[in-house]
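Report on the following structure.
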Amino acid sequence: MDLTFTEAEESFRHDIRSWLQQHVPAKSLRSMDTADGFEQHRGWEKELHADRWSVVSWPEKYGGRDCTLIEWLIFEEEYYRSGAPGRVSANGVTLLGPTIFGFGTEEQKDRFLPKMASGDEIWAQGWSEPNAGSDLAGLKTKAVRDGDHFVVNGQKTWCSRGAFADWIFCIFRTDPEAQRHKGLTYFLVPADTPGMERNPVGRLDGEPGFAELFFEDASVHESMILGGEGQGWNVAMATASSERGLNLRSPGRFMAPAERAVELFQRMSEARDERVGGVDPTLRDQIIRNWMNAQAYRWFTFSTATRLMGGGHMGPEASLMKVFWSEMDVEIHATALRLAGAQGELMGDAPDAVDDGTWMDGYQFALSGPIYAGTNEIQRNIIAERVLGLPR
Amino acid sequence: MQFAFTEDQLLFRDTVRDLLANECKPEAVRAAWLNPTGRVPGLWDKLVDMGVAALTAPEAAGGMGMNEVDLVLLQEEAGRAALPEVLIEHTAVALPLLAELGESAWLAKAAAGEVIVGVGVGSPYVLYADQADVLLLVHEDEVHAVPAADVTLTAQRSVDYSRRLFSVAWTPSDATLLAKGPAAQQAVVDACDRGALAAAAQCVGIAQTLIEVTVDYVGQREQFGKVVGSYQAVKHHIANALIATEFARPLAYVAAYAVANSTPHRGRDVSLAKAAASDAVDKAARMALQCHGAIGYTFEYDLHLWMKRGWALAASWGDASFHRDRIGRSLGI
Ligand SMILES: Cc1cc2nc3c(=O)[nH]c(=O)nc-3n(C[C@H](O)[C@H](O)[C@H](O)COP(=O)(O)OP(=O)(O)OC[C@H]3O[C@@H](n4cnc5c(N)ncnc54)[C@H](O)[C@@H]3O)c2cc1C
């Protein structure tokens, strides 16, 4: 065991840190769930890509740096520490990207990965349906073969960033006769597909962060199948493992707010404002707990990364990670809001808002963590049944 | 010992519940979120006519002369309906404060429903200050009644859009001074207690609704061929929220009794109520969202109207840790 970083790793950290210092926009971008904020975030993706920071762990030929998983984790720590914008390309680079590496043909890799890396094509995930949420395999949207095309009919929902994305990765039912999990196929669908309509839906904060997708005889070419006809469930489970585990939610993402909350505690304790009242010392304990959890997540992840680099596979323990990060994220933000006291409810444009309202924004987003990527109830079932072997 | 409300009190509650069920449906609250006042047009006048608005003003001043025990059930109803109104500030806090300080001019007008009194105690922000005719504000050991024309307001937007909050800039003067010294300070403490009590009762009401709408939803929503309410994980979430709420509720009633009867421990009783109710509504909000899944995470669905009010009220008039700290101090630790 060696828990120090190599010289190469340290110098990598140094490089990304200085790049971020020079490039992170001073003024935060508008919400990526708005039309213009989305384009601002796309611009930022292009800036990252120009210096090959958008997909560091990918091979060079697709725009990456061939980094190890450990280096990628270092990148993430520095990225979130710097206060850089959220990644509008996340569904592509962290979910679909690894799935294409696993299941895509060479043609598909060449066609999709470079534009995903550059921000020219931003991806959204179109899996859930009004009646297929936790029970994803209950999905009904049909894709029926017609020559070299498939004709799609049905509806998707809760498609994050689907209102503005360029492409959507979907799962459709191609064989209604087969067993639930068997007749599914994974498709890559252009957002301008004729016969597909999208309807923006406001999230908790009112911004159109979701879209509903309506398919009416929409036509998708067979070359857009990822991983083979009828293989949709297997391919989807690879994506889901990325979503639950370390790809989508690296430790850096939680270490940053946990540390900012420590700093907020210091600031609030020093600047006791008589109008607002003092800082409750019992919150100190919770701030510390949150910070500890971020550390625990960090070390769990480094050990998982080491195992994966040695040829291991991500199994149902991804569910442990998903429950842990999502609940930690809620607590970090809830505690910060408690620190903000009567100012906690203020929105970013209120003159008295603490840290421009980022804690309330973050809290609202964090609350969705225990729901998306498979609810935490489902994750706990998986942990009980597949990790612990308890009866179903 | 008889821990129960009278028939009359329960009847009054039912009348208010019926009114709000008709006039303060979620559509109305949603509309208030986006309208210029943040309130439901015409509803305050109905509450004035029913005697709710001036429930706590002395009969001599033209009020109903009722007390916190009469009011607590109505605050709970206000929470259940997410009523966007001044029922905490004006009714629970301002009227008794004016009465306690022996003020009569504003009190008479407020009791008659002619003016709205804004309240700047217990919080740095005044709710609906833009619609108040006069504001009760604190400066050192003085309480002032400042006419709306003499204050400058800065809007502070809340996550609950119906809560129109303002910070208030003003200059104390002899003309606005109502009281000063220890009596004024005690009156401010009492006012904060009344505010915290009312907010606690509203939190209990909000938690109750969050539980009810969730029970409805999970009883209908099917996944894996069964209603999701049949899964133990979901059942246990809701049961936990119910336990928290049911044990917060009597504490709110006890606090109402303590304040109405000016018992020596009333401050601590209020803190028990507010700490428990703040925690209960936070728990209920998280539970409700979790059990709804993504539908609850949308702006179009009504759940967030209660959730956001719950977050705001849980943190207002002293949050759970503020009140626990106060209980600790009263226990000598
Ligand atoms: C912010 C956000 C972003 C999202 N982004 C996307 C996206 O980009 N693309 C996409 O396809 N989807 C997306 N989703 C949808 C997400 O995948 C679903 O919300 C999730 O799968 C849960 O489904 P549901 O919302 O229909 O809840 P339901 O499945 O209806 O669940 C309701 C409740 O029942 C519980 N439950 C259900 N079944 C069981 C069981 N067997 N045992 C115990 N409890 C159970 C759930 O845990 C939950 O508490 C997003 C959701 C959110 C909130």
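The values are calculated or read from the model by the stated rules, or taken from the named source; none is laboratory data. All values derive from a computational prediction rather than experimental measurement. As a convention, Cβ positions derive from the backbone with ideal geometry for all residues, glycine included, and neighbour counts pool all protein chains shown. Heavy atoms of the whole protein, side chains included, go into the accessibility calculation; ligands, DNA and RNA do not. Shrake-Rupley method; radii C 1.70, N 1.55, O 1.52, S 1.80 Å.
Using only Cα atoms, tell me the angle between helix B:232-260 and the longest principal axis of chain B; keep it within 0 to 90° and round to the nearest 10.
On a 0 to 90 degree scale, this one is about 20.
Whole-Å semi-axes of the range B:24-95's equivalent ellipsoid, largest first, each the root of 5 times a Cα gyration tensor eigenvalue? Don't jump to the answer; show the numbers that get you there.
Details: eigenvalues 109, 31, 18 Å².
The three semi-axes for the range B:24-95 are 23, 13, 9 Å.
Among B:247-258, B:204-215, A:146-157, what's the highest-first ranking by average C-beta atoms within 10 angstrom per residue? Don't skip to the end; give the middle numbers.
Values: B:247-258: 22.1, B:204-215: 24.4, A:146-157: 18.0.
Top of the packing list down: B:204-215, B:247-258, A:146-157.
Over all residues in A:147-160, what is the mean tally of Cβ atoms on other chains that come within 10 Å of each residue's Cβ? Don't jump to the answer; show the numbers that get you there.
Numbers: counts 0, 0, 0, 0, 0, 0, 0, 0, 0, 0, 3, 5, 0, 1.
Mean inter-chain Cβ contacts per residue within 10 Å come to 1.
At B:Ala175 and A:Lys27, where each label point lies 7 Å from the Cα along Cα→Cβ, what is the point-to-point distance in nanometres?
It is 4.2 nm.
Before anything else, pin down the relative contact order of the range A:245-387: Cα pairs under 8 Å, at least 6 apart, normalised by residue count, whole percent. Could the numbers behind the result be given before it?
On the way: 139 pairs, mean separation 38.3, N = 143.
The value is 27 percent.
Beyond 17 Å, what percent of the Cα pairs of the range A:7-88 remain? Let's see the in-between values first.
Details: 1549 of 3321 pairs.
Value for the range A:7-88 (Cα pairs over 17 Å): 47 percent.
What number, in percent, do you get for the relative contact order of the range A:124-230 if the mean sequence gap of Cα pairs under 8 Å and at least 6 apart is divided by its residue count? Show your work: numbers first, answer last.
Working: 265 pairs, mean separation 32.7, N = 107.
Normalised by residue count, the contact order of the range A:124-230 is 31 percent.
State the Kirkwood hydrodynamic radius of chain B in Å, one decimal place, computed from all pairs of distinct Cα atoms. Before the final figure, lay out each step's value.
Numbers: mean 1/r = 0.0496 Å⁻¹.
Kirkwood radius, chain B: 20.2 Å.
Give the Rg (one decimal place) followed by the Dmax (whole number) of the range B:93-231, computed from C-alpha coordinates and expressed in Å.
20.4, 71
Okay, helix-only estimate at 222 nm for chain B: each DSSP H run of n ≥ 4 adds -39500 (n - 2.57), divide by all residues, round to 500 deg cm²/dmol; what do you get?
Details: 11 runs with 176 residues, N = 333.
Only helices count here, giving -17500 deg cm²/dmol.
Tell me the Kirkwood radius of the protein assembly as shown: reciprocal of the mean inverse pair distance over distinct alpha-carbon atoms, in Å.
Numbers: mean 1/r = 0.0362 Å⁻¹.
Computed over Cα pairs of the protein assembly as shown, the Kirkwood hydrodynamic radius comes out at 27.6 Å.
Kindly provide the helix-only [θ] at 222 nm of chain A, computed as the sum of -39,500 (n - 2.57) over DSSP H runs of four or more divided by all residues, to the nearest 500 deg cm²/dmol?
-14000 deg cm²/dmol
Shielding by partners for A:227-237, please: the mean number of other protein chain Cβ atoms within 10 Å of each residue's Cβ.
0
Around A:Gly202, which amide H atoms from residues at least 5 apart in sequence, or from another chain, sit under 5 Å from its own amide H, with H modelled in the peptide plane?
Hits under the 5 Å cutoff: B:Phe299, B:Glu300.
Do any of B:Lys180/B:Lys274; A:Lys182/B:Lys226; A:Lys182/B:Lys235; A:Lys61/A:Lys156; A:Lys61/A:Lys322 go past 25 Å between their Cα atoms, and which?
Details: B:Lys180/B:Lys274 28 Å; A:Lys182/B:Lys226 21 Å; A:Lys182/B:Lys235 31 Å; A:Lys61/A:Lys156 34 Å; A:Lys61/A:Lys322 31 Å.
Correct reply: B:Lys180/B:Lys274; A:Lys182/B:Lys235; A:Lys61/A:Lys156; A:Lys61/A:Lys322.
Mind checking the dipole of the range A:124-230: about its Cα centre, +1 per Lys or Arg Cβ, -1 per Asp or Glu Cβ, Debye to the nearest 20? Don't skip to the answer; put the middle values down first.
Numbers: 10 positive and 16 negative charges, 67 e Å.
The calculation lands at about 320 debye.
First select every other residue whose beta carbon is under 10 angstrom from the beta carbon of A:Ala137; then total the charges, Lys and Arg +1, Asp and Glu -1. Present the calculation step by step, with values, prior to reporting the outcome.
Details: positive: A:Arg173, A:Arg180, A:Lys182; negative: A:Asp135.
The answer is +2.
Based solely on C-alpha atoms, express the radius of gyration and the Dmax of the range B:255-319 in angstrom.
Spelled out, the Cα radius of gyration and Dmax of the range B:255-319 are 15.2, 48 Å.
On the principal axes of its Cα set, how long, how wide and how thick is the range A:183-289? Give whole Å, largest value first.
Projected onto the principal axes, the Cα atoms of the range A:183-289 cover 65, 29, 18 Å.
Could you grab the relative contact order for chain A? Cα pairs under 8 Å, six or more apart, rounded to a whole percent.
Values: 658 pairs, mean separation 49.9, N = 392.
Averaging sequence separation for qualifying contacts and normalising by length gives 13 percent for chain A.
Could you sort out which of B:Lys25/B:Lys46; B:Lys46/B:Lys308; B:Lys25/B:Lys308 sit more than 18 Å apart by Cα distance in this structure? Could you put the intermediate results ahead of the total?
Working: B:Lys25/B:Lys46 15 Å; B:Lys46/B:Lys308 25 Å; B:Lys25/B:Lys308 16 Å.
Violating the 18 Å limit, Cα to Cα: B:Lys46/B:Lys308.
Ballpark to the nearest 100 Å², how much total accessible area do A and B bury together, probe 1.4 Å?
On the way: alone 18550 and 14890 Å², together 29930 Å².
For chain A against chain B, roughly 3500 Å² becomes buried.
Between the range B:23-72 and the range A:169-218, what is the separation of their alpha carbon centroids in Å?
Using only Cα atoms to place each centre, the spacing works out to 47 Å.
Taking the Cβ of A:Leu96 as the center, what net charge do the other residues with Cβ under 11 Å away carry, scoring Lys and Arg +1 and Asp and Glu -1?
On the way: positive: none; negative: A:Glu121, A:Glu243.
Cβ neighbours under 11 Å give a net charge of -2.
When N is the residue count of the range A:245-387, what does its C-alpha Rg come to as a fraction of 2.2 N^0.38 Å? All intermediate terms of the calculation are to be shown ahead of the outcome.
Numbers: Rg = 17.1 Å, N = 143, 2.2 N^0.38 = 14.5 Å.
For the range A:245-387, the normalised Cα radius of gyration is 1.18.
Could you work out what % of the accessible surface of chain B is carbon and sulfur, using a 1.4 angstrom probe and leaving DNA, RNA and ligands out of the count?
It is 55 percent, rounded to a whole number.
Within 10 Å of each Cβ of A:368-374, how many other protein chain Cβ atoms are there on average? Working shown, then result.
On the way: counts 6, 0, 4, 9, 3, 0, 0.
Average per residue, whole number: 3.
In whole Å, what are the Cα extents of the range A:124-230 along the three principal axes, biggest one first?
Taking max minus min along each principal axis of the Cα atoms, the range A:124-230 gives 41, 28, 22 Å.
Using protein chains only and a probe of 1.4 angstrom, how many square angstrom of A:His14 are accessible, to the nearest 10?
Counting only protein heavy atoms, the figure is 120 Å².
Using only the alpha carbons, work out the radius of gyration and Dmax of chain A in angstrom.
21.5, 74
Quick one: angle between helix A:318-340 and the longest Cα principal axis of chain A, in degrees between 0 and 90, rounded to 10, please.
Helix A:318-340 sits roughly 40 degrees off the main axis of chain A.
Nearest 10 degrees, 0 to 90: what angle lies between the long axis of helix A:358-368 and the longest principal axis of chain A (Cα atoms)?
The helix A:358-368 is inclined about 40 degrees to chain A.
Taking every eigenvalue of the Cα gyration tensor of the range A:299-352, multiplying by 5 and rooting it, what semi-axes result, largest first, whole Å?
The answer is 37, 11, 9 Å, longest axis first.
Would you kindly calculate the mean projected area, averaged across all directions, of the convex hull enclosing the Cα atoms of the range B:185-330, in square nanometres?
Quarter of the Cα hull surface area: 9.0 nm².
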